[in-house]
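The values are calculated or read from the model by the stated rules, or taken from the named source; none is laboratory data. Because the structure is a prediction, the values reported are computed rather than measured. Please note: Cβ atoms are built from the backbone with ideal geometry, for glycine as well, and neighbour counts cover all protein chains shown.
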Amino acid sequence: MDLFANGAGKTKFGVLDASLFELMREATVACLQDAETPLERVDAVVVANFLAGPQASQLHLNSLFSSVFREYCGSSFRVEAACASGGAAIHAAAGLLHSPGVENVLVVGVEKLSGKSTEETTANIAMAGDRELDQKNGIIFPAAYALIAQQHSKEFGTTLEDLALVSLKNHANANLNPTAHFHDKKVTLEEIRESQEVCSPLRLYDCSPLSDGAAAVLLSRNKTSRSVNLAASSLRTDSLSLCQRATLTSLPAAKAAASDALAKAKLSITDVDAFEVHDCFTIAELVAYEDLGLCKPGGAAALIRNGETTLSGSRPVNPDGGLKADGHPIGASGVAQACEALLQLRGEAGKRQVDGCKTMLCHNVGGVGGTAAVTILTAIN
Amino acid sequence: MASRTVVASTRVHAASREHPDAPYTSGICRTGGGKLSPFKTKQTAQPGDELLEKPSFDITTIGVVGTGQMGVGIAALCAAKGFNVVLKSRREETARSALEAISRQLRKTLGTQQAANAIARVSTTTRFQDLKCAQFVVESIVEDEAAKREAFRQLGENTPPTTVIATNTSSIQVGKLAAETAHPNRVVGMHFFNPVHAMQLVEIVRPQDASGEAVAKAGALAEALGKTAITVKDSPGFIVNRLLLPQLNDAARLVQEGVASAEEVDEAVRLGLNHPMGPLRLIDLIGVDTAVEVLRQLHAQTGEKHFAPCKLLEKMLAEGKLGRKAGEGFYTYKRK
């Protein structure tokens, strides 16, 4: 069965006054308008969210959708897979489209991270790690990626300057994206280099921000004038903790999901024109280059040094600014990647449009690779 | 214990709810058996380093002397963190009730199986000689210099010279207690705060004669118990009580002078100074007798008048209004 993505909607990402309720409404309304599909034609809703419980004291988010849209009382689910909640929700929604009578499924990712102290929020995000192995040993989220950064540097010679280049590139892309968290912020290499250390070797500018925001896509069995192809989606899992893995320089689940999705779409990595990758930390973007097969293990630093992944490079990565600078409202991030793919494939991405973008791959990772979702979307010829 | 070689490490500067003690180092090490396992340490550690503190950390059994609130809290914490505990009390009856209190506390903070395991690690005794199997002893009896001196004389005679003896005193000069033993170099202060399981700080007190090894062991034990240790000179009231007790005394004096009621003083301090608990409720929690004794000690040691317990505290002590444990202090409490 051919599947399509027919519409995308996204709120501004950033530290926002809006509540979960308002964010969910804004993204959904924008998405349905973009898809030219009224809500009564939506057969199922999948809400992607990570931390509304501890951060916003709100659970039961599938029902929240019906509180927002009083006319909707159809089937609705909430998917939680830490930072891969959005990608996992898309994969689940694609599965739902194979059920009898389900023609349109709305995926809406939403997150409200602001409003609690950083100490509290850091501990809540650490819930994505293993309770016994990671959380109790202080391996908070940036610490886990810092371990990968250290190992990547030891094994392949990746430098702090390489990490800084990822940050610089994604901030520059976000300057072209009006809904990005850091749209208005100009960032220089000096600022990145001099930013305070969070977890050695990662500095503040190696980390994605704590953002609020929502994003929605409408997946469908029906092709419309707004459609792009949902060519493939794949989801793979792994242990919560790095301690149970054989490698500290790669995320095996991401590798497996990427090769599975490419095989399903009958594409090779060289067929992909642009990428949305999960750069929760700068090192994660470099590891993604290698896991996706953009280069061999250890080759990521050369790609960023040579500018291959900038907007005008041979394989643009994170044209919207990525999690680093578009922002990381966790449950919404994976959905926002798909939103960006729709815009790029329809040639509607404005100043950040990748020329001739016909195939896009989205790579969304939960925790430190415990979940990985890869989605491939292609333009309709 | 098996060796632990650092594989990956990061210095964490970001404090979080469960780890407010940043900066610290976290990472992954390889144990002797080749298994990867996570670690956290206050020290710095680079790949290839051996994690030293745990292998050289030979403490498996901890003696706790005294079955008051602090003794019970310390014993419960040690058991929860995997140490064997020998709890020494004066009478079998108090030993039994202390063991019950420890069990209650462990059941509240741990899962059923973990609590059962921890409770099984605690034994009680009334004889000092049964503490000879402990590599570390924490004395936590009543805050009375004569009684503590006697306890230290007994501990000195009944434990091997390699055993570190720590006192949980909040106000008595640790050096004086050390002088009661034949090996004063193994005596340190280890001042926990009430409630022991919740309060993050331990003051490690370093008397003049204490060996570096004894002080380091006390610090390592504090870390193993999940606490943050601050090392301080053997001085009146150390840091916290030297600052706190004058304030408690002044708060009681405000009530004595009729400036405001106990409730009002507490409310003012909570809201105006952002303290989690008002000073008078805090006196009730630590006990009027303890507060007065610490004030007297501070007064005697510093000669400064403002440490002398105010009349109201002396009166409450005489009337037995000792606070929460007596059912009445500045507030009244329902008996359990």
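Can you name every residue in region A:44-74 that is surrounded by fewer than 18 Cβ atoms within 10 Å (Cβ to Cβ) and in contact (Cβ under 8 Å) with a residue 60 or more places away in the chain?
Result: A:Pro54, single match.
Please go through region A:156-181 and pick out each residue that is assigned to a loop (DSSP other than H, G, I, E, B) and crowded, with 22+ Cβ neighbours inside 10 Å. Please lay out each step first, then the result.
Restricting attention to region A:156-181, the residues satisfying the condition of being assigned to a loop (DSSP other than H, G, I, E, B) are A:157-159, A:175-181.
The answer is A:Thr158, A:Asn177, A:Ala180, A:His181.
Out of all the residues in region A:165-176, is one or more closer than 12 Å to A:Ser241 by Cα and more than 9 Å from chain B (Cβ to nearest Cβ)? Let's see the steps before the verdict.
Going through region A:165-176, the residues closer than 12 Å to A:Ser241 by Cα turn out to be none.
No: zero hits.
Being polar (S, T, N, Q) and closer than 17 Å to A:Asp134 by Cβ is the filter; apply it to region B:1-30 and report the residue that is modelled with the lowest pLDDT.
Top of the filtered list is B:Ser16.
For B:Asp144, work out the one condition from (1) surrounded by fewer than 17 Cβ atoms within 10 Å (Cβ to Cβ); (2) closer than 26 Å to B:Ala79 by Cα; (3) under 18 Å from the mean Cα position of the chain (by Cα) it doesn't fulfil.
With respect to (1) surrounded by fewer than 17 Cβ atoms within 10 Å (Cβ to Cβ); (2) closer than 26 Å to B:Ala79 by Cα; (3) under 18 Å from the mean Cα position of the chain (by Cα), B:Asp144 is out only on (2).
Taking region B:164-175, which residues are over 21 Å from B:Ile286 (Cα atoms) and surrounded by fewer than 23 Cβ atoms within 10 Å (Cβ to Cβ)?
If we filter region B:164-175 for residues that are over 21 Å from B:Ile286 (Cα atoms), which is where we start, we get B:164-165, B:175.
Across region B:164-175, the qualifying residue is only B:Gly175.
Could you check how many residues of region A:135-144 are surrounded by fewer than 24 Cβ atoms within 10 Å (Cβ to Cβ) and touching a helix residue (DSSP H, G or I) at 6+ places or on another chain (Cβ under 8 Å)?
Residues that pass the stated criteria total 1.
Give region A:190-225 a look and list any residue that's farther than 28 Å from A:Leu61 by Cα and in a loop (DSSP other than H, G, I, E, B), or say none.
A:Ser195, A:Gln196, A:Ser200, A:Pro201, A:Lys223, A:Thr224, A:Ser225
Go through (1) crowded, with 21+ Cβ neighbours inside 10 Å; (2) under 11 Å from the mean Cα position of the chain (by Cα) for B:Ala210 and report which single condition fails.
In the conditions (1) crowded, with 21+ Cβ neighbours inside 10 Å; (2) under 11 Å from the mean Cα position of the chain (by Cα), B:Ala210 misses (2) alone.
Can we say B:Thr5 is under 30 Å from A:Gln151 (Cα atoms), away from chain A (no Cβ under 12 Å) and free of Cβ contacts under 8 Å to residues at least 60 places away in the same chain? Break it down into steps so the answer makes sense when it comes.
Working: under 30 Å from A:Gln151 (Cα atoms): yes; away from chain A (no Cβ under 12 Å): yes; free of Cβ contacts under 8 Å to residues at least 60 places away in the same chain: yes.
Spelling it out, B:Thr5 is indeed under 30 Å from A:Gln151 (Cα atoms), away from chain A (no Cβ under 12 Å) and free of Cβ contacts under 8 Å to residues at least 60 places away in the same chain.
Given the criteria more than 23 Å from B:Thr159 (Cβ to Cβ), surrounded by 15 or more Cβ atoms within 10 Å (Cβ to Cβ), within 14 Å of another protein chain (Cβ to nearest Cβ) and without any contact (Cβ under 8 Å) to a residue 60 or more places away in the chain, does B:Gly111 qualify? Lay out the reasoning, then the answer.
Working: more than 23 Å from B:Thr159 (Cβ to Cβ): yes; surrounded by 15 or more Cβ atoms within 10 Å (Cβ to Cβ): no; within 14 Å of another protein chain (Cβ to nearest Cβ): yes; without any contact (Cβ under 8 Å) to a residue 60 or more places away in the chain: yes.
Considered against the rule, which asks whether it is more than 23 Å from B:Thr159 (Cβ to Cβ), surrounded by 15 or more Cβ atoms within 10 Å (Cβ to Cβ), within 14 Å of another protein chain (Cβ to nearest Cβ) and without any contact (Cβ under 8 Å) to a residue 60 or more places away in the chain, B:Gly111 comes out as no.
Please count how many residues of region A:301-346 are under 21 Å from A:Ile376 (Cα atoms), surrounded by fewer than 22 Cβ atoms within 10 Å (Cβ to Cβ) and touching a residue at least 24 places away in the same chain (Cβ under 8 Å).
Result for region A:301-346: 4.
Restricting to region A:29-53, name every residue that is of a type outside the set (A, V, I, L, M, F, W, C) and under 19 Å from A:Ala88 (Cβ atoms). Talk me through it step by step, then tell me what you get.
At the first step, the residues of region A:29-53 found to be of a type outside the set (A, V, I, L, M, F, W, C) are A:33-34, A:36-38, A:40-41, A:43, A:49, A:53.
Within region A:29-53, A:Asn49, A:Gly53 qualify.
Could you tell me which of the residues A:Asp17, A:Asp43 is at pLDDT 95 or above, closer than 24 Å to A:Ser208 by Cα and more than 21 Å from the chain's Cα centre (by Cα)? Before you say what the answer is, go through the steps one by one.
Numbers: A:Asp43 fails: closer than 24 Å to A:Ser208 by Cα.
Selected residue: A:Asp17, the only one of A:Asp17, A:Asp43 that is at pLDDT 95 or above, closer than 24 Å to A:Ser208 by Cα and more than 21 Å from the chain's Cα centre (by Cα).
Filter region A:119-142 down to the residues that are of a type in the set (S, T, N, Q) and within 22 Å of the chain's Cα centre (by Cα), then identify the one that is nearest to the other protein chains (Cβ to nearest Cβ). Even if it seems obvious, please write down each step before you answer.
Restricting attention to region A:119-142, the residues satisfying the condition of being of a type in the set (S, T, N, Q) are A:121-122, A:124, A:135, A:137.
Among the residues that remain, those that are also within 22 Å of the chain's Cα centre (by Cα) are: A:121-122, A:124.
Values: A:Thr121: 8, A:Thr122: 4, A:Asn124: 8 Å.
Ranking the candidates gives A:Thr122 first.
Please work out which residue is farthest from the chain's Cα centre (by Cα), limiting yourself to region A:86-118 and to residues that are assigned to a helix (DSSP H, G or I) and either within 14 Å of chain B (Cβ to nearest Cβ) or closer than 17 Å to A:Ile330 by Cα (or both).
Step one: list which residues in region A:86-118 are assigned to a helix (DSSP H, G or I), which gives A:86-96, A:118.
With the extra rule that they be either within 14 Å of chain B (Cβ to nearest Cβ) or closer than 17 Å to A:Ile330 by Cα (or both), the set shrinks to A:86-91, A:118.
Numbers: A:Gly86: 7, A:Gly87: 7, A:Ala88: 10, A:Ala89: 12, A:Ile90: 11, A:His91: 13, A:Thr118: 22 Å.
It comes out as A:Thr118.
Only one residue in B:Glu157, B:Glu150, B:Glu180, B:Glu143 is of a type outside the set (S, T, N, Q), over 30 Å from B:Lys108 (Cα atoms) and assigned to a loop (DSSP other than H, G, I, E, B). Which one?
Details: B:Glu157 fails: assigned to a loop (DSSP other than H, G, I, E, B); B:Glu150 fails: assigned to a loop (DSSP other than H, G, I, E, B); B:Glu143 fails: over 30 Å from B:Lys108 (Cα atoms).
Only one candidate passes the filter, namely B:Glu180.
Pull up region A:136-153, narrow it to residues that are in a helix (DSSP H, G or I) and out of contact with any Leu (no Cβ under 9 Å at 6 or more places or on another chain), then point me to the one that is nearest to A:Cys207 (Cα to Cα). Step through it out loud before you land on a result.
Going through region A:136-153, the residues in a helix (DSSP H, G or I) turn out to be A:136-137, A:141-153.
In the following step, the residues that additionally are out of contact with any Leu (no Cβ under 9 Å at 6 or more places or on another chain) were identified as A:136-137, A:141.
Details: A:Lys136: 22, A:Asn137: 21, A:Phe141: 10 Å.
In this case the residue turns out to be A:Phe141.
What do you reckon, is A:Arg193 touching a residue at least 40 places away in the same chain (Cβ under 8 Å) and surrounded by fewer than 22 Cβ atoms within 10 Å (Cβ to Cβ)? Before the answer, list the steps.
Values: touching a residue at least 40 places away in the same chain (Cβ under 8 Å): no; surrounded by fewer than 22 Cβ atoms within 10 Å (Cβ to Cβ): yes.
Criteria not met by A:Arg193.
Of all residues in region B:223-243 being in a helix (DSSP H, G or I) and either touching a residue at least 24 places away in the same chain (Cβ under 8 Å) or polar (S, T, N, Q) (or both), which is farthest from B:Pro279 (Cα to Cα)?
The initial filter retains those residues of region B:223-243 that are in a helix (DSSP H, G or I), namely B:223-224, B:240-243.
From what's left, either touching a residue at least 24 places away in the same chain (Cβ under 8 Å) or polar (S, T, N, Q) (or both): B:223-224, B:240-242.
Details: B:Glu223: 29, B:Ala224: 31, B:Val240: 14, B:Asn241: 13, B:Arg242: 15 Å.
Taking the candidates together, the pick is B:Ala224.
Going through region B:6-27 one residue at a time, which ones are of a type in the set (Ser, Thr, Tyr) and either surrounded by fewer than 21 Cβ atoms within 10 Å (Cβ to Cβ) or under 21 Å from B:Leu201 (Cα atoms) (or both)?
Once the filter is applied, which keeps residues that are of a type in the set (Ser, Thr, Tyr) and either surrounded by fewer than 21 Cβ atoms within 10 Å (Cβ to Cβ) or under 21 Å from B:Leu201 (Cα atoms) (or both), region B:6-27 yields B:Ser16, B:Tyr24, B:Thr25, B:Ser26.
Pick out, from region A:239-314, the helices (runs of 4 or more DSSP H) lying fully within it that include 2 or more residues that are within 14 Å of another protein chain (Cβ to nearest Cβ), hydrophobic (A, V, I, L, M, F, W, C) and within 19 Å of A:Ala172 (Cα to Cα). Even if it seems obvious, please write down each step before you answer.
Details: elements: A:252-265, A:282-292, A:300-305.
Where helices (runs of 4 or more DSSP H) fall fully within region A:239-314, none carries at least 2 residues being within 14 Å of another protein chain (Cβ to nearest Cβ), hydrophobic (A, V, I, L, M, F, W, C) and within 19 Å of A:Ala172 (Cα to Cα).
For region B:181-189, indicate whether the set of residues that are within 22 Å of B:Gly287 (Cα to Cα) and within 17 Å of the chain's Cα centre (by Cα) is non-empty. Show your work before the answer.
From region B:181-189, those within 22 Å of B:Gly287 (Cα to Cα) are B:189; that's our starting set.
Subset that is within 17 Å of the chain's Cα centre (by Cα): B:189.
Yes: one or more hits.
Of all residues in region B:23-56, how many are free of Cβ contacts under 8 Å to residues at least 24 places away in the same chain, facing chain A (nearest Cβ under 8 Å) and part of a loop (DSSP other than H, G, I, E, B)?
Of the residues in region B:23-56, 0 are free of Cβ contacts under 8 Å to residues at least 24 places away in the same chain, facing chain A (nearest Cβ under 8 Å) and part of a loop (DSSP other than H, G, I, E, B).
Considering only residues of region B:28-43 that are within 22 Å of B:Ala216 (Cβ to Cβ) and touching a strand residue (DSSP E or B) at 6+ places or on another chain (Cβ under 6 Å), which is surrounded by the fewest Cβ atoms within 10 Å (Cβ to Cβ)?
Looking at residues that are within 22 Å of B:Ala216 (Cβ to Cβ) and touching a strand residue (DSSP E or B) at 6+ places or on another chain (Cβ under 6 Å), I get B:Lys42.
Can you tell which of A:Leu235, A:Leu230, A:Leu202 is closer than 21 Å to A:Val365 by Cβ, within 14 Å of chain B (Cβ to nearest Cβ) and modelled with pLDDT of 95 or more? Steps first, please.
Numbers: A:Leu235 fails: within 14 Å of chain B (Cβ to nearest Cβ); A:Leu230 fails: within 14 Å of chain B (Cβ to nearest Cβ).
A:Leu202 is the lone residue from the list that is closer than 21 Å to A:Val365 by Cβ, within 14 Å of chain B (Cβ to nearest Cβ) and modelled with pLDDT of 95 or more.
Is it the case that region B:36-54 has a residue that's of a type in the set (Phe, Trp, Tyr) and under 23 Å from A:Arg245 (Cβ atoms)?
Kept after step one, since they are of a type in the set (Phe, Trp, Tyr), are these residues of region B:36-54: B:39.
Of the ones still in play, those that are also under 23 Å from A:Arg245 (Cβ atoms) are B:39.
Yes, that holds for at least one residue.
For (1) aliphatic (A, V, I, L, M); (2) in contact with a Pro (Cβ under 8 Å, 6 or more places away or on another chain); (3) without any contact (Cβ under 8 Å) to a residue 12 or more places away in the chain, each residue gets a yes or a no:
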residue: A:Cys83; (1), (2), (3): no, no, no
residue: A:Gly87; (1), (2), (3): no, no, no
residue: A:Gly95; (1), (2), (3): no, no, yes
residue: A:Val110; (1), (2), (3): yes, yes, no
residue: A:Ser114; (1), (2), (3): no, no, no
residue: A:Asn124; (1), (2), (3): no, yes, no
residue: A:Met127; (1), (2), (3): yes, yes, no
residue: A:Asp130; (1), (2), (3): no, no, no
residue: A:Leu133; (1), (2), (3): yes, yes, no
